[in-house]
Amino acid sequence: MTDLDVSAQYEKHPYPPRNPDDEHFRLIVGSPSHLDEINHYIFGGRRDFKKPFRALIAGGGTGDATVMLAQQLAERGPGEVVYVDISKASMEIARARISARGLTNVAFHQGSLMNISDIDSVPFDYIDCCGVLHHLSSPQEGL
């Protein structure tokens, strides 16, 4: 599968299927990208989320990790989530979900993880890249 095939697939079938209206009723909480897990497994329980925190969600899809992390950061302290996905259709669903929650701490970028340095060059405290690398023509380069 080429990068164009992957892009076309997710334009036609944004993943996972989500309805932004559901954000008024529930927050999808899962793993990874839950702040408590990030703190435990990456920072040994010592991360103070009252200090600025930047996260990259590479291959953000329709926004599950982005929405969960942005909501948690909004409740705990200053933080920014940078969303990147190759699919405009998926990104628009994620953007609508964030908007439905009234969150303002997410920067959205349509594009490839392979071009992240062109999108954002500020270091991240955490990177979520689930279900993405195997789609790349060069997973090693993406890593």
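Every number here is computed from the coordinates shown, using simple stated rules; none is lab data. Given the structure is predicted, the values throughout are model-derived calculations rather than measurements. Here the Cβ positions follow ideal geometry from the backbone for every residue, glycine too, while neighbour counts run over all protein chains shown.
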Going highest first, how would you order 66-72, 28-34 by mean Cβ packing within 10 Å? 66-72, 28-34
Sum -39500 (n - 2.57) across every DSSP H segment of at least 4 residues in the chain, then divide by the residue count to get the 222 nm mean residue ellipticity, nearest 500. -10500 deg cm²/dmol
Along the charge dipole of region 73-143, Cβ charges K/R +1 and D/E -1, which of S117, P139, A107 sits furthest on the positive end? A107
What residues qualify as long-range amide H neighbours of E80, i.e. H under 5 Å apart, gap of 5 or more or another chain, H built at 1.01 Å from N? F53, R54, A55
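Given a Förster radius of 41 Å and the C-beta distance between A8 and D48 as r, what FRET efficiency does 1/(1 + (r/R0)^6) yield to the nearest 0.05? Numbers along the way, then the final one.
Values: r = 43 Å, r/R0 = 1.05.
So, using R0 = 41 Å, E works out to roughly 0.45.
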Suppose a student asked you for the relative contact order of region 79-125, using Cα pairs under 8 Å spaced at least 6 residues apart; what percent would you report? 49 percent
Any chance you could check the Cα centroid distance between region 96-143 and region 7-62 for me, in angstrom? 11 Å
Excluding K50 itself, calculate the net charge of residues whose Cβ lies under 12 Å from the Cβ of K50, where each Lys or Arg counts +1 and each Asp or Glu counts -1. +1
Determine ³J(HN,Hα), in whole Hz, for all residues of region 95-110 in sequence, where each value follows from phi through the Karplus function 6.51 cos²θ - 1.76 cosθ + 1.60 and θ = phi - 60°; x replaces Gly and Pro. 4, 5, 5, 5, 4, 4, 8, x, 7, 10, 9, 10, 9, 9, 9, 8
Which is the longest stretch in the chain that no exposed loop site breaks, taking sites as trypsin sites (Lys or Arg not before Pro) with a DSSP loop state and at most 11 other Cβ atoms within 10 Å? 51-143
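What does the charge count near G111 come to, summing +1 for each Lys or Arg and -1 for each Asp or Glu among other residues with Cβ under 9 Å from its Cβ?
Details: positive: none; negative: D85, D118.
For residues surrounding G111, the net value is -2.
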